[in-house]
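Novice: Provided herewith is a single structure, encoded as structure tokens, for subsequent inquiry.
The values are calculated or read from the model by the stated rules, or taken from the named source; none is laboratory data. Predicted model only: the values in this text are computed from it and were never measured. Here the Cβ is made from the backbone with ideal geometry for all residues, glycine too, and neighbour counts use every protein chain on show. The accessibility values were calculated without ligands, DNA or RNA, using every heavy atom of the protein model including side chains. Shrake-Rupley method; radii C 1.70, N 1.55, O 1.52, S 1.80 Å.
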Amino acid sequence: MKRTVLSFTTIIVSVLLTATLISCSKNDEPVVPESPVPEELENVVLVYAASGNDLYSNMLADKAEMLRGLKDTDTSKSRLLLFETIPGNAGSGRQAILWEAVRNKKDNSFYFKELKSFSADVFTTDPQRLSEVVAYAKEMRKADTYGLIFWSHGGGWEPGNSEHTYPDDSSNQPVAGDIADPDYWWGVDISGDNVVSDKMNIDELASALPDDGFHFIWFDCCYMSSIEVAYQLRNKTDFFVAYPTEIYNPGLNYETAIPYLMNRNPDLEGAARSLYDYYTYFFSPEPAAVTVGVFDMSRIEEIARIARQAFSSFVAPPSSELICYSRRGLSANLYDFRQYMSRGADIAGNIIDTESIEKAFTDFTVCKFASERDFNNKLIPSDGFSGLSTYIYRDNTHTSLSDYYRRLDWFNAVYPH
């Protein structure tokens, strides 16, 4: 699901501002880079952006925000890396570049310096490219901890059904598939000749990442805060940050969030609150819809244990009784996870200790923020919002979607089968 358009005026202003900032950084004064990189840093944050799509103007704005956000941070022991796809044909214009944000000691500003250029005829949504970029970043910038931010379109756990085969440029056929179609996946990368729209399945994404590789993984895209996604990544990261609903197309405000993320112990709650504040107060007096949750992955197995008990004689609750986080009648709507689990247990007659549930979710949830109303303009009840979504599983269905769901780690961990 694509990021939701906020307003045409907002986009134009941000793009013009970005162009001004970029042009101002190219002055006649020689760049004086900061000191050489230490052999080992305290913290490296990698933004992995599948940006070769209709969001690229937002990428330009976000790059400028990142550079502004670094201005007052101590980069002597930390680094910000950005991998992006620049749209264009594979042989003309399309690029895949890993940048490093470097301080110009002359005026204390930051600019992006190329660290490595990758072959353009591989999709950013190809799990092999993700593995390649992560491995290279870790090799070139050794650090005590790493953070990983996924930037793009997103839709949760459902498969994108992509083959990751980059086409040759001889075809002029229209792009295959609509960016905003109801398949769930992470990321969209469009081939330079507009033949293929490629996406990455969540199990592919997890397999591409090293175990215990990251202090946090943050999805700056729609719908990725689902229990299915979080559980698939349980061995990859200490903390999981994502949005259960859509996010407006400006996404995370990197200028305010970056200072919280570049420390040895990143302040994820501070960064999440900065996102909430941005949409709540920046757009005052009519705040925009926004949701975000931060979760401690060391506690997720206790959540799975309770879910196994809740689903031991599983009965799917009626969707009309649950908070729905999706819009436009998607093929698999997403509902609040905790509410779904509790209601399903009640219907099935599975008695669950409410105190144990409360403690498990309190321990698992670092923080969660939600606007008063969602993207459907419906109230988000404060006592019902868990910050995580889930799929209403029905065990009597045999479709490609339900068959894929039964492959996910979450299904195999908690549902009777």
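Novice: What is the range 309-417 by shape, rounded, prolate or oblate, if you read a ≥ b ≥ c off the alpha carbon gyration tensor as root eigenvalues and call it rounded for a/c under 1.5, prolate for a/b larger than b/c, and oblate otherwise?
Specialist: Numbers: a/c = 1.72, a/b = 1.13, b/c = 1.52.
Oblate is the answer for the range 309-417, as a/c is 1.5 or above yet b/c matches or exceeds a/b.
Novice: So what's the gap between the Cα centers of the range 52-119 and the range 200-217, to the nearest angstrom?
Specialist: 22
Novice: Rounded to a whole number, what % of the accessible area of the range 257-364 do carbon and sulfur atoms account for, probe 1.4 Å?
Specialist: Numbers: 2260 of 4870 Å².
Answer for the range 257-364: carbon and sulfur cover 46 percent of the accessible area.
Novice: Where the centroid of each part is defined by its Cα atoms, how far is the range 379-417 from the range 293-356 in Å?
Specialist: About 8 Å separates the Cα centre of the range 379-417 from the one of the range 293-356.
Novice: Oh, and also: Could you give each residue of the range 377-384 its phi-based ³J(HN,Hα) in whole Hz, using Karplus coefficients 6.51, -1.76, 1.60 with θ = phi - 60°, and x for Gly or Pro?
Specialist: Result, rounded to whole Hz: 6, 9, 5, 9, x, 4, 7, x.
Novice: Taking 56 Å as R0, compute the FRET efficiency from the Cβ-Cβ separation of N412 and K106 and round it to 0.05. Don't skip to the end; give the middle numbers.
Specialist: On the way: r = 56 Å, r/R0 = 1.00.
For R0 = 56 Å, the calculated efficiency reads 0.50.
Novice: List the pairs from K106/K368; K71/K142; K138/K199; K105/K236; K236/K368 whose alpha-carbon separation is above 29 Å, in the order I gave them. It would help to have the intermediate numbers written out before the result.
Specialist: Working: K106/K368 41 Å; K71/K142 22 Å; K138/K199 24 Å; K105/K236 36 Å; K236/K368 21 Å.
Long pairs (Cα-Cα over 29 Å): K106/K368; K105/K236.
Novice: Which far-off residues, 5 or more places away or on another chain, put their amide H under 5 Å from the one on S226, with H placed in the peptide plane?
Specialist: The answer is S389.
Novice: Right, something else. For the range 62-121, compute Rg over Rh where Rg is the Cα radius of gyration and Rh is the Kirkwood radius from the inverse mean 1/r over Cα pairs.
Specialist: With Rg and the Kirkwood Rh in hand, the quotient comes to 1.06.
Novice: Ok, one more. Counting only protein chains, not ligands or nucleic acids, how are H153, H398 ordered by accessible area (probe 1.4 Å), most first? Kindly include the intermediate steps, with their values, before the conclusion.
Specialist: Details: H153 0, H398 145 Å².
These residues rank, largest area first, as H398, H153.
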